[in-house]
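Note sheet for the following structure.
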């Protein structure tokens, strides 16, 4: 596995899969941002000089990286292709997420060929099952595993997500997860949301800990959701959750 | 000629050649930004949803637009190709600006072929000469013709540029231009700079009207420049002027 770098001061870096200082290492402002490769909303990055920006609304950043390889005329090594294929499967929930584009499917098919993967569906299901294995992990680790923090019109909002083959795996641990969310919230958050996304049923059980749960309710057009609510059809944080939250927080600020 | 739109409220727009609300129509925040095509530094744009971003450090945005045509598999119509060629010549000062990349040269050669332009150098010189014709234009119009306004670490700074075949054309009008700069500065600017760029000699006579001329001096490592200074080799606002100004204003704020 590659080493994890927590400090980037003084280095030239390319931001990948986000364009947001909040999601970068703490000393990112002391680094030179030389490029940006992403498929999320723009996070307000400013630079002093022109840089390379590869940002497109694909289902996975690796589809864009595949485009960069093609554009540069470089063949993708077999091991890298396999990792990139896994990333596309993970980000698109095996092409079921509404973020999926035709380019994601095409890139995955080409990467599978290079990686020697014959049956993408079988390979992908095995991968998603492995990712669903949460046994032995603490609630706080499950929460922080894929947590993203956003500045929503002045409020700090954390949105975590677990993508699971079947929610029965976590059903017994909801109280434990809510307790972990409350502890995390004390780190200056207005709201912590945890998306328990059921890949099979194509929906999300949304767990909510918030200073003002009404903003979350108004975002989704719901009432009295308490500490969790089932959102049918909602599987994408980026496309179905973050934009509606942003608009709700903007509306709240305008009042 | 295309019509000029000064209002974009309620529309879906693609920002082209800038990524900066300061350079967009006043009601840009009421529009939906659906894409961004640019070759300048990132200006801090945020969006609620992922968008298409084609930003690369080429000499001209039209080189990127040519890339978009190729990527989409669409042939460029002859009239559009001619306009795009003119834009690349203008932005790269006929390939002499340090911002020029090999991709700009290649795109221009291909566009010339489509447009039926046999001798790019002759075509380009005629274009730059026509652009140098400033007779009959008022000083304030000359100043505002290509003025860009930047937020430099909290200070409003305007940088205008005239690219001329030969500076003798404006030599007699410097006092008049400085007066126009002083009038413009009263619109809340910390500094107004006018780059009189000599394409032939490859340098810029920089006219300065500023609340604190020392920041401008420190940016270029100069002393006592008064209201104008010759900067040999400097022809690019984007690459040679704006980045050094940004660093100088940042340094000033840090004191």
ask   = Modelled label-to-label distance, residue A:121 and residue B:6, 7 Å Cα→beta-carbon offset: nm?
value = 6.0
ask   = What's the exposure ranking of B:185, B:201, going from fewest to most Cβ atoms within 10 Å?
value = B:201, B:185
message = Can you tell me what share of the DSSP beta bridges in chain B is antiparallel? A percent to the nearest 5 is fine.
response = 55
key: Ellipsoid semi-axes in whole angstrom, largest first, where each is sqrt(5λ) of the Cα gyration tensor of the stretch A:12-130   = 28, 16, 13
Label spacing, shortest first and in nm, from residue B:11 to its equivalents in the remaining copies (7 angstrom along Cα→Cβ) = 4.4
task = State, to one decimal in nm, how far the label point of residue A:166 lies from the label point of residue A:96, with both points 7 Å from Cα in the Cβ direction.
result = 1.3
query = Pick from B:159, B:55, B:117: which is most flexible by mean-square fluctuation in a GNM of chain B where alpha carbon atoms under 10 Å apart are linked?
reply = B:117
query = On average, how many beta carbons from a partner chain sit within 10 Å of the beta carbon of a residue in A:53-61?
reply = 4
remark   = Listed residues A:176, A:163, A:187; largest mean-square fluctuation, Gaussian network over chain A with Cα springs below 10 Å, found at A:187
message = Could you tell me the center-to-center distance, by alpha carbons, between the stretch A:122-189 and the stretch B:180-255 in angstrom?
response = 51
note = Copies of residue B:146 compared via label points 7 Å along Cα→Cβ give distances in nm, shortest first, of 4.8
note = Of all DSSP beta bridges having both residues in the protein assembly as shown, the percent classed as antiparallel (nearest 5) is 55
task = Let me know the shape class of the stretch B:63-122, please: from the alpha-carbon gyration tensor, a ≥ b ≥ c as square roots of the eigenvalues, rounded when a/c is under 1.5, otherwise prolate if a/b is greater than b/c, or oblate.
result = oblate
Residue exposure sequence - A:82, A:60 - by fewest surrounding Cβ within 10 Å = A:82, A:60
message = Using a label point 7 Å beyond Cα on the Cα-Cβ vector, give me the inter-copy distances for residue A:79 in nanometres, one decimal, shortest first.
response = 5.6
Antiparallel %, DSSP beta bridges [both residues in the stretch B:12-130], to 5 = 0
key: Three-way shape label, chain B, alpha-carbon gyration tensor, a/c 1.5   = oblate
query = Among rounded, prolate and oblate, which fits the stretch A:48-89 when a ≥ b ≥ c are the square roots of the eigenvalues of its C-alpha gyration tensor, a/c under 1.5 means rounded, and a/b larger than b/c means prolate?
reply = oblate
query = Out of B:83, B:124, B:44, any idea which swings most in a Gaussian network model of chain B, alpha carbons joined below 10 Å?
reply = B:44
key: Residue order, fewest to most beta carbons within 10 Å, for B:230, A:54   = B:230, A:54
key: Cut-off 15 Å (backbone N to label point 7 Å along Cα→Cβ of residue A:212), residues of the stretch A:165-206   = A:189-192
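Quick note: the coordinates plus some simple rules give every number you see, no bench work behind them. Only a predicted model underlies this, so the values are computations on that prediction, with no experimental measurement involved. Cβ sites come from the backbone with ideal geometry, for glycine too, and all protein chains shown count toward neighbours.
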